[in-house]
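So the structure is just underneath, and the comments pick up after that.
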Amino acid sequence: MALAQGLHESKTCRKQDITLTRRNTTSLLEYQKQGFKISSSNSASILHADTIFICVLPQQLNELLEEIKQTIDPKKQLIVSVVTGAHTDVFKKVIGKSCRIIRAMPNTAMKVRESMTCLSASNATAKDLQLVQSLFNTMGSSIVIEEEMMSAATALCACGIAFFLRTIRAASQGGVEIGFHAGDALKIAAQTALGAAKLLTENKTHPEQEIDKVTSPKGCTIAGLNEMEHQGLSSAMIKGIRLSSQIANSLYNSK
Ligand SMILES: NC(=O)c1ccc[n+]([C@@H]2O[C@H](COP(=O)([O-])OP(=O)(O)OC[C@H]3O[C@@H](n4cnc5c(N)ncnc54)[C@H](OP(=O)(O)O)[C@@H]3O)[C@@H](O)[C@H]2O)c1
């Protein structure tokens, strides 16, 4: 839904030209009231579409592709897939035709227009890629990567939201332990995390450059930071990202 809103708000598409599909359309009724078209039939919905966004779970992909494969016209239609772990070869194999496909790995911060989206293209034109990148740029930032890096992108970008949220929760729990009420602690932790990220994106600096600015000799910041590292802070994050990437790569099961 965030994607559909983004398409409309970026003025790439009018609401009435976007059809949202689900097998059960009950939860789409509010979007119908807003002006989007809704349907439970994928094949009917893509009949006159020039771009098809596929946003189902990996285990739901084959059934969906089987439903639409007769209707897809590779010359006319571009496919944009956000399905984790589904390589473009899967689409070619199940659809049986060579399609123009762009894989996208955004994150839930699309809803606040702060997503990081990684894109990879297969058989798509430069114009296709430009169109899709400009769409995702209205919901944050994006980069184009090789398809082999999409599972890594899933870990760092899509799962990454949860990793950083957990670190914010941990910071707020620490804040409560040293005397803040829970609400204040969370507000302080979240805004501090936002500030840290903005220092990097706006100053274009490396984290250690910013850390050096706040760690005075024998001071409290370096003491806290080193204790966290002794407890495995960086190592835990690196190992978690590595495991997520491995699992993301195996989520789509062709059987
Ligand atoms: N959430 C994220 O942060 C994120 C980020 C990047 C990529 N992704 C990827 O995006 C995909 C969707 O994730 P999600 O979190 O949005 O999952 P989700 O909440 O489970 O959504 C899947 C949707 O697909 C619909 N669906 C399933 N089969 C369908 C079919 N045959 N025809 C039409 N609609 C169908 C489901 O509705 P019905 O059951 O009513 O049909 C449901 O609305 C996944 O592959 C995920 O890995 C997610």
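The values are calculated or read from the model by the stated rules, or taken from the named source; none is laboratory data. As the structure is a computational prediction, the values presented were derived from the model and not from experiment. A quick note on method: Cβ atoms are made from the backbone with ideal geometry, for glycine too, and the neighbour counts reach across all protein chains shown. When the accessible area is computed, the model is the full protein with side chains, heavy atoms only, and any ligands, DNA or RNA have been set aside. Shrake-Rupley method; radii C 1.70, N 1.55, O 1.52, S 1.80 Å.
Working only with C-alpha atoms, what are the Rg and Dmax values of the stretch 171-211, expressed in angstrom?
Taking only Cα atoms of the stretch 171-211, I get Rg and Dmax of 12.4, 34 Å.
Once the Cα gyration tensor of the stretch 69-123 is found, what semi-axes does its equivalent ellipsoid get, as square roots of 5 times the eigenvalues, in whole Å, sorted largest first?
Computed over the stretch 69-123, the values are 25, 11, 9 Å.
Counting other Cβ atoms within 10 Å, keep those with at most 12, restrict to DSSP loop, and tell me which trypsin sites (Lys or Arg not before Pro) in the stretch 44-79 are left.
Passing sites in the stretch 44-79 are Lys75, Lys76.
What is the log10 of I(q)/I(0) for the stretch 99-164, computed with the Debye formula using one identical point scatterer on each Cα and no solvent, at q = 0.13, 0.18 Å⁻¹?
-0.32, -0.60
Would you calculate the convex hull of the Cα atoms in the stretch 53-99 and tell me its volume per residue in Å³?
64
Computed over the Cα atoms of the stretch 1-116, what is the ratio Rg over Rh, Rh following Kirkwood?
0.94
Give the separation of the Cα centroids, the stretch 1-39 to the stretch 171-188, in Å.
If we compute the Cα centre of each part, the gap is 39 Å.
Can you compute the charge dipole magnitude of the chain about its Cα centre, using +1 on each Lys and Arg Cβ and -1 on each Asp and Glu Cβ, nothing else charged? Give it in debye, rounded to the nearest 20.
740
Tell me the per residue accessible area of the chain using a 1.4 Å probe; a whole number in Å² is fine.
61
Can you tally the net charge around Asp73? Count Lys and Arg as +1, Asp and Glu as -1, for every other residue whose Cβ sits under 13 Å from the Cβ of Asp73.
That sum, taken over residues with Cβ under 13 Å, equals +4.
Seen from all sides and averaged, what is the projected area of the convex hull of the Cα atoms in the stretch 212-255, in nm²?
4.2
State the percentage of accessible surface on the chain attributable to carbon and sulfur atoms; use a 1.4 Å probe and exclude ligands, DNA and RNA.
57
Let me know the Rg and Dmax you get for the stretch 1-56 when you use only its Cα atoms, in Å.
10.5, 28
Please give every one of the aspartates and glutamates within straight-line cross-link reach of Lys239, meaning a C-alpha to C-alpha distance under 16 Å, and leave out same-chain neighbours fewer than 8 residues apart.
Partners within reach: Glu229.
Given the convex hull of the Cα atoms of the chain, what is a quarter of its surface area in nm²?
Over every viewing direction, the Cα hull of the chain projects on average to 16.3 nm².
Counting other C-beta atoms within 10 Å, and keeping those with at most 12, which DSSP coil trypsin sites (Lys or Arg not before Pro) do you find in the stretch 110-156?
Sparse-neighbourhood loop trypsin sites (Lys or Arg not before Pro): none present.
Based on DSSP H runs of at least 4 residues, each adding -39500 (n - 2.57), what is the mean residue ellipticity at 222 nm of the chain after dividing by all its residues, to the nearest 500 deg cm²/dmol?
After summing the helix terms and dividing by the residues of the chain, the value is -15000 deg cm²/dmol.
Please give every one of the aspartates and glutamates within straight-line cross-link reach of Lys204, meaning a C-alpha to C-alpha distance under 19 Å, and leave out same-chain neighbours fewer than 8 residues apart.
By straight Cα distance, Lys204 reaches Glu114, Asp212.
So which of Lys15/Lys127; Lys76/Lys127; Lys127/Lys198; Lys33/Lys111; Lys11/Lys76 end up more than 24 Å apart, counting from Cα to Cα?
Where the Cα-Cα span goes over 24 Å, the pairs concerned are Lys127/Lys198.
Can you pull the one-decimal nm distance between simple spin-label points at Ile241 and His206, each 7 Å off the Cα toward Cβ?
So the two model labels end up 1.5 nm from each other.
Report, in order of residue number, the helices in the chain meeting two criteria: a C-alpha extent of 30 Å or more along the helix axis, and a mean Kyte-Doolittle hydropathy of at least -0.5; treat each whole DSSP H run as one helix.
For the chain, where a helix must reach 30 Å along its axis and average at least -0.5, the hits are 182-203.
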